[in-house]
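Taking it in order: structure first as structure tokens, then the write-up.
Just so you know, all these numbers are worked out from the coordinates, no wet-lab data involved. On a predicted model such as this, the values are computed, not experimentally measured, just so you know. Positions of Cβ are generated from backbone atoms using ideal geometry, with glycine treated the same way; all protein chains shown enter the neighbour counts.
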């Protein structure tokens, strides 16, 4: 019996999101170390991260702490974005999502202006910025990094590990398997156990 | 020698945009009438419009004025949006465009709040709405109708007639031939002359 290789694409949230990284470690550096230990053993898994996501991750970790072995086990690979095809209907989805958000943004701006009768301008602006960013960014895909993760996972037919609700929603649209970071350790541990029983095949 | 059929997808701007419709008629109704005369003669051209765009057009024309012959010559056809594939890199383009606009929207909102020191709130809100909509909508594709036009033209390998700068920009990205409505009459007239010389083939 052969064990087929499973590919896994990692978002930064596995290492840096305080809500979820506890499964791998308390600090990003600790999480990276524990990931490396798991990856070393998990012969039936291949781990990938787009360079844009890796770059984001480096905001949380000192790049000098990244060992050669880590680079060996976490493959940095951009998606072939000019070759991958996606169904045209996704353009509608993206546009409708944006349209809703844009309308929400305008409501927030209007409330901001109306609020000047009661509160200080600087206070309102601070508050408005927060609300506006939340309304227009959260829960949607809104960056190159997001699209990199989705297209790479789609291209490699990989499992996407992410805590980002916008990415999960789009993984569903694109037919991409996804898993929350909370279950990452359990998943990898099971893979290690299985590949220990059986010979891994490349 | 055979003349091959050329497909043409029409945006509403051909009939309703005051800047461009003069080539077909002063009122939308007149433009529709002149279009019909041309379409009747242009045996080598097939004209298409997505139903969503047709629906928009009906805001400018009394639907009762639409003859059966008009329905025969202007084919209402939605794109096969679940079958057409587009390169994944377009998702990046759409997201980056939106991101820039969203940032502009926030600047406008901030200026709105700051303006309350000098002007009346109702005035500012009116002004802000206009600026906001302009910043977030103009020059980009922002509606289902826009995507319908693009995907239909792409699917049919058709010439897209539009005055909309956002559509022109996206036609370029998608490899869609486009023509401004100003030149529509000249184009159709040339097609009529050519098909008069040679036998049309279906």
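Tabulated data
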read-out	value
Residues of region B:97-127 satisfying the condition of being within 30 Å of residue A:174 (Cα to Cα) and at the interface with another protein chain (Cβ under 7 Å from one of its Cβ atoms)	B:98, B:99, B:102, B:105
Subset of region A:128-146 [surrounded by 18 or more Cβ atoms within 10 Å (Cβ to Cβ), part of a helix (DSSP H, G or I) and at the interface with chain B (Cβ under 8 Å from one of its Cβ atoms)]	A:128, A:132, A:136, A:146
Residue tally, condition part of a strand (DSSP E or B) and over 11 Å from residue B:12 (Cα atoms), over region B:42-65	4
Of all residues making up region A:66-93, the number that are more than 14 Å from chain B (Cβ to nearest Cβ), touching a residue at least 12 places away in the same chain (Cβ under 8 Å) and part of a helix (DSSP H, G or I)	3
Which listed residue is free of Cβ contacts under 8 Å to residues at least 12 places away in the same chain and touching a helix residue (DSSP H, G or I) at 6+ places or on another chain (Cβ under 7 Å), from A:123, A:110, A:172	A:110
